[in-house]
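Novice: Here you go, one structure.
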Amino acid sequence: MPEVPEPDGFAEKFFDFVADHDGPSLAAHVHRKATEEQVRELLRHRTIYHLKEADHTTWVIPRLSDRVKAAVMELQFDEYGGGDPNLLHAHLFIRGLQDSGLNSEYGAYINEAPLEVLEENNAMSLFGLNRRLRAASLGFLAAFEATSSGPSRRMAQGLKRLGFPESMIEYYTEHVEADAVHEQLAVRTICGALLEEEPDLHDDVYFGAWTSLDLEDRYAERMLKQWAA
Ligand SMILES: [Fe+2]
Ligand SMILES: [Fe+2]
């Protein structure tokens, strides 16, 4: 793990840390160059997370203080469709998969998921289900949200270029705006409140963030290498 920044001015330092450690971009490849078959492979791998999108964060909720809990609920309400079952992010992904002729049953593609995808999903569960790792869970969330808005825009443009169905494109366009808000909420309001109350958890927040960045980078490296071969 790289060196963790000093605790003062947390939000700015956290955003810088994410920007400094964000590696090769799958979204940039999808935007300009990927073939339809490559994108379909990527979407199959993404089912492992997107079909249970946000659930790992729900696990951490009872392990938080009231103030942090309330902030996480604001974000989760949005991930879960603001009360409308048709607007759950996981549901938007199901519609996109079905319209693209892909299997939307949970775990359908588990046997072809690369190691990094399984590792990342296991880490999310581990962090959410253990109180001692609650700060890592929120750091993971913050880094995940902070690396989503821009890439989602490029994903949407790439899917459009390749003629994917509107519902699949919409899953990503929804995340352009949503995650621009979520990253502020996750970094400033959620992690910010956690660290005001429990400054000792500072390095754990970065441990969670690094886990997300590192696994996403290693997954991207693997796929770009495989597709280049
Ligand atoms: Fe989402
Ligand atoms: Fe989000």
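Novice: Just to be sure before I move on: is Pro85 within 21 Å of Glu41 (Cβ to Cβ) and either crowded, with 23+ Cβ neighbours inside 10 Å or of a type outside the set (Asp, Glu) (or both) in the structure I sent?
Specialist: Numbers: within 21 Å of Glu41 (Cβ to Cβ): no; either crowded, with 23+ Cβ neighbours inside 10 Å or of a type outside the set (Asp, Glu) (or both): yes.
Spelling it out, it is not the case that Pro85 is within 21 Å of Glu41 (Cβ to Cβ) and either crowded, with 23+ Cβ neighbours inside 10 Å or of a type outside the set (Asp, Glu) (or both).
Novice: So which pairs qualify, if the first residue must be in segment 178-199 and among the polar types (S, T, N, Q), the second must be assigned to a helix (DSSP H, G or I), the Cβ gap must be under 6 Å, and the two must be at least 6 apart or on different chains?
Specialist: Thr189/Ala71
Novice: Restricting to segment 108-140, give me the number of residues that are of a type outside the set (A, V, I, L, M, F, W, C) and over 18 Å from the mean Cα position of the chain (by Cα).
Specialist: 6
Novice: Could you list, in sequence order, the residues of segment 78-100 that are more than 16 Å from ligand 1 (Cβ to nearest atom) and at pLDDT below 95? If you could, list the steps in order and put the result at the bottom.
Specialist: Of segment 78-100, the ones more than 16 Å from ligand 1 (Cβ to nearest atom) are 98-100.
If the condition is that a residue be more than 16 Å from ligand 1 (Cβ to nearest atom) and at pLDDT below 95, then no residue fits.
Novice: Same structure again: Answer yes or no: is there a residue in segment 45-60 that is more than 16 Å from ligand 1 (Cβ to nearest atom), of a type in the set (Lys, Arg) and surrounded by 15 or more Cβ atoms within 10 Å (Cβ to Cβ).
Specialist: Scanning segment 45-60, I find no residue that is more than 16 Å from ligand 1 (Cβ to nearest atom), of a type in the set (Lys, Arg) and surrounded by 15 or more Cβ atoms within 10 Å (Cβ to Cβ), so the answer is no.
Novice: If you go through segment 54-76 one residue at a time, do you hit one that is of a type in the set (A, V, I, L, M, F, W, C) and either modelled with pLDDT under 95 or closer than 28 Å to Leu224 by Cβ (or both)?
Specialist: Of all residues in segment 54-76, those of a type in the set (A, V, I, L, M, F, W, C) come to 54, 59-61, 64, 68, 70-73, 75.
If we keep only those that are either modelled with pLDDT under 95 or closer than 28 Å to Leu224 by Cβ (or both) too, we end up with 54.
Yes, there is a match, as at least one residue in segment 54-76 is of a type in the set (A, V, I, L, M, F, W, C) and either modelled with pLDDT under 95 or closer than 28 Å to Leu224 by Cβ (or both).
Novice: When only residues in segment 16-41 that are within 18 Å of the chain's Cα centre (by Cα) and outside any helix (DSSP H, G or I) count, which is nearest to Tyr206 (Cα to Cα)?
Specialist: By that ranking, first place goes to His21.
Novice: If we scan segment 101-109, do we find a residue that is assigned to a helix (DSSP H, G or I), modelled with pLDDT of 95 or more and surrounded by fewer than 19 Cβ atoms within 10 Å (Cβ to Cβ)? Let's see the steps before the verdict.
Specialist: The initial filter retains those residues of segment 101-109 that are assigned to a helix (DSSP H, G or I), namely none.
Checked segment 101-109: no residue is assigned to a helix (DSSP H, G or I), modelled with pLDDT of 95 or more and surrounded by fewer than 19 Cβ atoms within 10 Å (Cβ to Cβ).
Novice: For segment 35-88, how many residues meet the condition of being in contact (Cβ under 8 Å) with a residue 40 or more places away in the chain, within 16 Å of ligand 2 (Cβ to nearest atom) and either at positive phi or touching a Phe, Trp or Tyr at 6+ places or on another chain (Cβ under 6 Å) (or both)?
Specialist: The number of residues fulfilling the criteria is 2.
Novice: Sticking with this structure for a sec: Quick one: in segment 178-228, which of the residues that are surrounded by fewer than 23 Cβ atoms within 10 Å (Cβ to Cβ), of a type in the set (Gly, Ala, Ser) and farther than 15 Å from Ala19 by Cα is farthest from the chain's Cα centre (by Cα)?
Specialist: Ala228
Novice: Out of segment 145-174, which residues are within 12 Å of ligand 1 (Cβ to nearest atom), surrounded by fewer than 24 Cβ atoms within 10 Å (Cβ to Cβ) and in contact (Cβ under 8 Å) with a residue 60 or more places away in the chain?
Specialist: Within segment 145-174, Ser152, Glu174 meet the criteria.
Novice: Let me ask something additional. How about segment 15-37: which of its residues are surrounded by fewer than 19 Cβ atoms within 10 Å (Cβ to Cβ) and of a type outside the set (Gly, Ala, Ser)? It would help to see each step written out before you state the result.
Specialist: Within segment 15-37, the subset surrounded by fewer than 19 Cβ atoms within 10 Å (Cβ to Cβ) is 15-16, 19-25, 28, 32-33, 35-37.
Correct list: Phe15, Asp16, Asp20, His21, Asp22, Pro24, Arg32, Lys33, Thr35, Glu36, Glu37.
Novice: Could you grab me the full set of residues in segment 1-14 that are closer than 30 Å to Lys225 by Cβ, surrounded by 12 or more Cβ atoms within 10 Å (Cβ to Cβ) and of a type outside the set (A, V, I, L, M)?
Specialist: Once the filter is applied, which keeps residues that are closer than 30 Å to Lys225 by Cβ, surrounded by 12 or more Cβ atoms within 10 Å (Cβ to Cβ) and of a type outside the set (A, V, I, L, M), segment 1-14 yields only Phe14.
Novice: Looking at Gly101, Gly107, Gly128, Gly96, which one is under 14 Å from Arg44 (Cβ atoms) and in contact with a Phe, Trp or Tyr (Cβ under 6 Å, 6 or more places away or on another chain)?
Specialist: Working: Gly101 fails: in contact with a Phe, Trp or Tyr (Cβ under 6 Å, 6 or more places away or on another chain); Gly107 fails: in contact with a Phe, Trp or Tyr (Cβ under 6 Å, 6 or more places away or on another chain); Gly128 fails: under 14 Å from Arg44 (Cβ atoms).
Step by step, each of Gly101, Gly107, Gly128, Gly96 is checked, and only Gly96 is under 14 Å from Arg44 (Cβ atoms) and in contact with a Phe, Trp or Tyr (Cβ under 6 Å, 6 or more places away or on another chain).
The values are calculated or read from the model by the stated rules, or taken from the named source; none is laboratory data. Please read these numbers as outputs of a predicted model, since none were measured by experiment. Positions of Cβ are generated from backbone atoms using ideal geometry, with glycine treated the same way; all protein chains shown enter the neighbour counts.
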